[in-house]
1. Would you pick out the residues in the range 52-63 that are surrounded by fewer than 13 Cβ atoms within 10 Å (Cβ to Cβ) and not hydrophobic (A, V, I, L, M, F, W, C)?
2. Quick one: Ser48 ticks every box in (1) free of Cβ contacts under 8 Å to residues at least 40 places away in the same chain; (2) within 29 Å of Asn326 (Cβ to Cβ); (3) open to solvent by 70 Å² or more (accessible area, probe 1.4 Å) bar one, so which box is it?
3. Could you go through the range 31-54 and let me know if any residue there is within 22 Å of the chain's Cα centre (by Cα), among the acidic types (Asp, Glu) and within 30 Å of Asn144 (Cβ to Cβ).
4. List, please: which pairs have Cβ atoms under 8 Å, are six or more places apart or on different chains, and start with a residue in the range 371-383 that is modelled with pLDDT of 95 or more and end with one that is among the hydroxyl-bearing types (Ser, Thr, Tyr) and not in a helix (DSSP H, G or I)?
5. Scanning the range 229-266 for residues that are basic (Lys, Arg) and out of contact with any helix residue (DSSP H, G or I) (no Cβ under 6 Å at 6 or more places or on another chain), which turns out surrounded by the most Cβ atoms within 10 Å (Cβ to Cβ)?
6. Looking at the range 1-11 only, could you name the residues that are open to solvent by less than 30 Å² (accessible area, probe 1.4 Å) and part of a loop (DSSP other than H, G, I, E, B)?
7. For the range 139-150, enumerate the residues that are at pLDDT below 75 and either under 18 Å from Thr74 (Cα atoms) or of a type outside the set (D, E, K, R) (or both).
8. Confirm whether Leu56 is out of contact with any Phe, Trp or Tyr (no Cβ under 8 Å at 6 or more places or on another chain) and touching a residue at least 24 places away in the same chain (Cβ under 8 Å).
Amino acid sequence: MGKSTAAIQGLDPRKQWLIVVPFLSEVDRWKDKAEIPLEVASENENKSEWLRQNVLEGNSIVCTHTLFDLVDLTRTDLRDYDLIIDEVFDCVQSEFGVKEETFEKVYIGEGYATVDPTNGRVTPTAKWTALSLEVEKLSTKPRNDLYQRAKQGSLYKVTGKGFFVSIVPAELFTSPRSCTVLTYQAETSQMVGYLRRLGIPFQIDRHDDAAFRLGLLQRLTVKDIPSLRELPMTHTAQEKMNKDVAKVVSAALLNLRKRGLVGVEAENIMLSCNKSKWHDQHENPKGLFAQGSKLSLCNFLPKTTRGTNKYRHCSHAIYLNDLRLNPAEKEWLGWTKEDEDRWALGELLQWVMRSRLRDGDEVSLYLASPRMKALLEDFLNNKKEDAPLAVSLLAA
């Protein structure tokens with residue numbers, strides 16, 4: 001809390017700044033609060049070209065994570081910029097691959113790609129480049145979408161499996177004059193795992209969070225949802241639920257609405273589950289979990305929401321997710337079960353802190369997953385040796 005405000009107040013007008021934030025509302029906040037001019041992209045212009053042009057002119061910029069992903073490092077020189085990233089974002093994403101035997105026989109065996117044995121980076125050969133315009137038509141040939149990622153240097157092979165991951169180019173962190181990431185529990189984030197995996201040096205500014213933990217213990221009431229204790233609630237399990245199983249969830253939510261949440265205004269409740277189970281194809285809250293729950297008017301937040309104050313009025317929260325990292329991402333990062341648990345806890349803490357906990361008020365949190373509940377309670381009661389917590393992450 002207060003990280004962004006302090007950073008805004010500390011902007012040196014003698015420097016060139018590139019500020020990257022999660023939401024457009026945060027773009028507006030930085031622009032309005034900063035005492036130096038910050039350029040902001042308009043709706044109708046080419047965002048990538050706008051960013052490149054402003055960098056050429058040496059302007060200080062504030063943009064979203066999404067726009068930051070569009071930086072073309074072959075045409076954009078960031079060496080004079082100090083980069084501030086407000087909240088971590090996922091730097092590693094799984095990619096649908098091909099069967100292991102196909103990869104070995106076609107991609108490697110026929111000379112379309114090479115794989116770095118130390119980190120798994122896939123590099124296209126001249127042969128693959130020559131065929132890149134044709135392969136989309138030939139299903140037995142290397143896929144063009146994989147070629148484009150390999151050409152960008154962002155495609156990595158997961159050892160021993162027919163899966164890939166694509167990663168954010170490391171140069172986005174290393175080419176600016178400095179890079180500072182504002183977050184909490186940096187050690188639990190996928191971004192730190194990514195930096196370690198690629199050998200990018202960084203330092204974490206550690207701060208004692210004992211007071212925060214104690215305050216959270218006093219103000220956060222953690223409860224379970226008894227009828228969902230034995231129901232798998234991972235992303236994959238939720239996606240596979242048919243109508244009959246989904247009715248168990250909606251019935252549990254209805255029961256919660258009639259009891260624990262009776263009298264609570266829907267606008268003061270925040271909820272998270274798979275988006276496909278809460279919304280229909282028209283983005284309306286009419287998914288299988290929402291139907292019959294009497295909670296369709298509450299605030300839906302994606303399970304890894306960070307960096308927004310929009311829901312700081314919420315007094316009650318429902319978290320239906322059992323967070324698990326994609327197996328390909330987990331293997332590429334080299335993470336253990338304990339690493340995955342710390343990541344899940346960090347994401348849950350970020351999510352629940354969107355509520356009125358930010359203002360020092362009490363909140364009731366209902367968790368569907370016994371695992372997530374145990375991880376949170378262990379943290380609150382300091383039952384396990386936790387990784388050092390962080391307010392800012394510095395990457396050089």
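1. Of everything in the range 52-63, those that are surrounded by fewer than 13 Cβ atoms within 10 Å (Cβ to Cβ) and not hydrophobic (A, V, I, L, M, F, W, C) turn out to be Glu57, Gly58.
2. Of the numbered conditions (1) free of Cβ contacts under 8 Å to residues at least 40 places away in the same chain; (2) within 29 Å of Asn326 (Cβ to Cβ); (3) open to solvent by 70 Å² or more (accessible area, probe 1.4 Å), the odd one out for Ser48 is (3).
3. Checked against the condition, which is being within 22 Å of the chain's Cα centre (by Cα), among the acidic types (Asp, Glu) and within 30 Å of Asn144 (Cβ to Cβ), the range 31-54 yields no hits at all.
4. Between residues of the range 371-383 that are modelled with pLDDT of 95 or more and residues that are among the hydroxyl-bearing types (Ser, Thr, Tyr) and not in a helix (DSSP H, G or I), the close pairs are Met372/Tyr319.
5. Arg257
6. Selection gives Leu11 alone.
7. Ser139, Thr140, Pro142
8. No, not satisfied.
The values are calculated or read from the model by the stated rules, or taken from the named source; none is laboratory data. Quantities reported herein were computed from a predicted structural model and do not represent experimental measurements. Positions of Cβ are generated from backbone atoms using ideal geometry, with glycine treated the same way; all protein chains shown enter the neighbour counts. Remember, those area values only see protein heavy atoms, side chains included, never the ligands or the DNA or RNA. Shrake-Rupley method; radii C 1.70, N 1.55, O 1.52, S 1.80 Å.
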